[in-house]
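Chemist: Structure in structure tokens, see below.
A short reminder: the numbers here are calculations on the coordinates, not readings from a lab. Bear in mind that the values here come from a model prediction, so they are computed numbers and not experimental data. All Cβ positions, glycine included, derive from the backbone under ideal geometry; neighbour counts span all protein chains shown.
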Amino acid sequence: MSDREDPRGKLRELELELEEERGISKAKDRLLMETIKEMEAIYETLKSKLRDIREKDARLRRIEQDLVRLDRLTNLGELALSIAHEIKNPLISIEGLARRLEKEKDGRKVSIYAGLIEREAERLSNMLKKMLDFSKAIEPRREPVLLKEIIGDTLLFVEHHLSRFAHVALHISDGQNLPVLVDRIHVQQVLVNLLMNAAQAMPGGGEVFIEIGKEGSYAFLSVRDTGPGIAEEIRDRIFEPFFTTKPGGTGLGLSICKRLVEANGGWIEVESKEGQGSIFKVFLPLAEGHQNSNFIPS
């Protein structure tokens, strides 16, 4: 009888095939377990690296916040003379009016003097409030605010300070008063930086133009100067942290401006040619009801 006809031979073949299959199955199981262990090790490694990245990111955010706060305090220091000048005038008025009140017998004039003192005191209070707001929080607190109002508040800080630069004339266009959804203090800080940079770029005098307008769902605020412009080879680097061409400069101003604008949902562009001045254009999201989705930022 042949093996083909022998049931025991067939059974032996099946047993051998089964053993082979079991061996393959065990090998697959071992390979699968090893793969799972490797994947678990990779997962733990990735989880550890992700934790490190998050910790580094948190540290970088704290450093960035410290830099923004430092830049703001630096601006406040530079603007202290302007604020002192603005505060001095109402204080002198209050002092003079108070002396008149001591001697005045006419009730009508007493009422007028008291009203003037109240008005000057309110002016001082508003000025100090704006100054305190300017030095406060760095996390964006976005709310609808009129762009012209931001410009007006900012000029309260810088107008007199700009007058210390020889023959620098400031011009403000009478454009549309657009409501934007931003943190007003952040935008003020950006505008202060841009105005001070423009004035410092023209030590021999020149003109600075502030303009506002609208492009689609964004308003823009531009600061143009008639200074020497920015050399082409450094134009792409001016927003880099710590890059500066000013003697003694920190190189943080424009870098922080860029970050503040982006934190408020906008972006900043620059156009400049050597010998033809510079234009810094800040795009900010319009408040609801004034948007147009047709505009796509470039």
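Chemist: Around LEU178, with a cut-off of 9 angstrom between Cβ atoms, what is the net charge of the other residues, counting Lys and Arg +1 and Asp and Glu -1?
Modeler: +2
Chemist: Now, a different point. For a quick protection proxy, order the peptides 53-61, 146-154 by their average other-Cβ count within 10 Å, most packed first.
Modeler: The packing order, highest mean first, is 146-154, 53-61.
Chemist: While we're on this one: Around ASP29, what is the net charge, scoring Lys/Arg as +1 and Asp/Glu as -1 over all other residues with Cβ under 13 Å from its Cβ?
Modeler: After counting each charged neighbour, the total is +3.
Chemist: Here is a further query. So how do 112-120, 37-45 stack up, highest first, on mean other-Cβ count within 10 Å?
Modeler: 112-120, 37-45
Chemist: Would you mind calculating the gained length between THR45 and LYS103 on full extension (0.36 nm times residue separation, minus the Cα-Cα distance), in nm to one decimal?
Modeler: Contour length minus Cα-Cα distance gives 12.6 nm.
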